[in-house]
1. If you stretched the chain out fully between B:Asp137 and B:His58, how much longer would it get, using 0.36 nm times the residue separation minus the C-alpha to C-alpha distance?
2. At a Cα cut-off below 13 Å, give the aspartates and glutamates reachable from B:Lys11, other chains included and same-chain residues fewer than 8 away excluded.
3. Give me the percent of DSSP beta bridges within the stretch A:12-177 that run antiparallel, rounded to the nearest 5.
4. With a cap of 16 neighbouring Cβ atoms within 10 Å, and only residues DSSP puts in a loop, list the trypsin sites (Lys or Arg not before Pro) found in the stretch B:31-88.
5. Applying 1/(1 + (r/R0)^6) with R0 = 35 Å to the Cβ-Cβ distance of B:Ala202 and A:Lys51, what FRET efficiency is obtained, to the nearest 0.05?
6. What is the sum of charges around B:His104, taking Lys and Arg as +1, Asp and Glu as -1, for the other residues whose C-beta is under 12 Å from the C-beta of B:His104?
7. How high is the relative contact order of the stretch B:5-276, in percent, with contacts defined as C-alpha pairs under 8 Å that are six or more residues apart?
8. Over chain A, what is the relative contact order in whole percent, taking alpha-carbon pairs under 8 Å and six or more residues apart?
Amino acid sequence: MYYGELSGLKLGAATRDAFGDALKELGAKHPEVVVVDADVGNSTRTEPFMKAFPERSFNVGIAESNMVSVAAGLASCGKTAVCSSFATFLLSNAFDQLRMSVAFPKMNVKFVGSHSGISIGEDGPSQMGIEDVSLACSLPGVKVIVPSDAVQTAAATAAMLADHGPIYLRTGRSKVAILYPNGCDFKIGKAIQLRDGSDVTIIANGLMVGAAMDAATELAKSGVNARVLDMHTIKPIDEEAIVKAARETQRIVVVEEHLAHGGLGSVVATVVSRTVPVPMAYVNVGDCFAESGDPQGLLDKYGLNPAAIVAAVKSVIG
Amino acid sequence: MAVSIEELKAKAKQLRKHIIRMTTAAGSGHPSSSLSAVEMITALYFGGFMKYRPQEPHWAARDRFILSKGHAVPALYAAMAEAGYFTVEATLSLRKLGSVFEGHPNMLRMPGIEASTGSLGQGLSLGLGQALGMHLDKLDSRVFVMTGDGELDEGQVWEAAAAAGKFKPGNLTVIVDQNGYQQTGATKDVLDMRPIADKFAAFGWHTQTVNGNCQANAVAALTIATNIKDRPTCIISQTQKGFGILPLLEAEGDLNYHGKPLSPALAEKAIAFIDSN
């Protein structure tokens, strides 16, 4: 079973794989792109680029802080510097470097965190990036993108490299359903409505967009028409789409594979409370560390599945 | 070398006076941490070791200086003023609201500043990245990074030292301004990182240890470092915090004098002392 299956979506590649393939492809066209790796390129998928362009690739060893500042140094020489690690090691270990070397001087560094969320499974909580979005969003001027499928990830990677300035891209380890046709439109900061509905809007990103689609499919059976918004960019947030959803559906449920505090839910709630206050509910990891286990088992245990979304929708519909 | 040691010494005196004037005018800052670094910064900017264009600060082929011990930025502002990036008078707005002369280097607000620093430990990594970038662009440019000796407590410095040992950028030079003090006391008491040169050497760096407050020594060390092209170079610049006005700081009973400006009266004495020596 995978998210999106109930909605008739086909299973595609993991977003980390799509990022890696796109990076290698774009690397051929963009000689200014360089990669700095902290010895996990075969996990984060910068490896294909590094193999294709060894002269533009630098593995600095297991040293995320140095990786980020070296990337910033390269960026200050006009390079588009991509660095990556597991989301939690990148954001947590190298946060000061992301703040001082990258965000403060507005360096053209693209930092990519793989292994996001609890769905990485068996490796356990030390490896799970569930606070990364909150940390990234706290950095002034940094854009934060959480793509939901392989096609969108490829488009997001291209958009990220074309954009000048610091960007955090969050990718996942597991295979995810294909939501978009090849060549789909992608704009940083512009949410995508995957399904229209008038009773409630489910706003999700990453892995949970497929789950939101399945929840909407399920809700339709009981006569609830749910709109689904893929909020792939958390910063800058698409206020217009949120306001429209609040006005037109009067209820919002925010779904993410992240802690409760400081992620998509917090950002959407800030917009809603300031513009069109409506009842809201949240589906997320809450305020805890997870544990080792099989990915689906974990998602079910920690309430990140279509059933949990359906329950959240019912809680706001009353 | 076109410039004589005597001329550099005179320039160093100017820098010292600027440092004291701007920090006293600001009412805060780190004059003693700035004063220890003066001879090396003077040699870099005026001894012919760095190519730069004050009227074209982003000139692609320039050499770059990163002040990783960002709290010593008055020394850098003083050198940049003397180099013609801006007037000396302008530096008297140091740390004031609206001034581009911030308390720590901010490259966004001041062209000619090559890295925004102030969170210790990051400058060497930034310099390594820049050295690699210059290499990719086939530029014959060099990066000079100045760290403090207290700053070497930061683990990231050693991540960078190790990585530089791997990539061997021949255009990267680190100057450790070993002034012997950090915020709460002597570096040997707070966290003794010595032997410093041995540590860099173990990572494959060329190393030298010199009297960094001797202008001729500073020039000699930079001459050697800039002629080495096959590996990164490290200069342990043994200095004294507050060098140039040490008897005055001794009379104040504080040879560290960390993070505080001289009072207007003491500043006046200090400037007279510098002029008379």
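1. Values: separation 79, 0.36 × 79 = 28.44 nm, distance 1.49 nm.
Separation in residues times 0.36 nm, less the Cα-Cα distance, equals 26.9 nm.
2. Hits, sequence-local ones excluded: B:Glu39, B:Glu82, B:Asp275.
3. Details: 1 of 23 bridges.
Here the antiparallel bridges make up roughly 5 percent for the stretch A:12-177.
4. Numbers: sites: B:Lys51, B:Arg62, B:Arg64, B:Lys69; in loops: B:Lys51, B:Arg62, B:Lys69.
Counting only loop positions with at most 16 other Cβ atoms within 10 Å, the trypsin sites (Lys or Arg not before Pro) in the stretch B:31-88 are B:Lys51.
5. Values: r = 31 Å, r/R0 = 0.88.
Efficiency, from the Cβ-Cβ distance: 0.70.
6. The answer is +2.
7. Values: 549 pairs, mean separation 66.3, N = 272.
Relative contact order here is 24 percent.
8. Taking the mean separation of contacting Cα pairs over the length of chain A, I get 18 percent.
The values are calculated or read from the model by the stated rules, or taken from the named source; none is laboratory data. Not measured: the values here are computed from a predicted model. All Cβ positions, even for glycine, are placed from backbone atoms using ideal geometry, and neighbour counts span all protein chains on display. The area values use the complete protein model at the heavy-atom level, side chains included, leaving out ligands, DNA and RNA. Shrake-Rupley method; radii C 1.70, N 1.55, O 1.52, S 1.80 Å.
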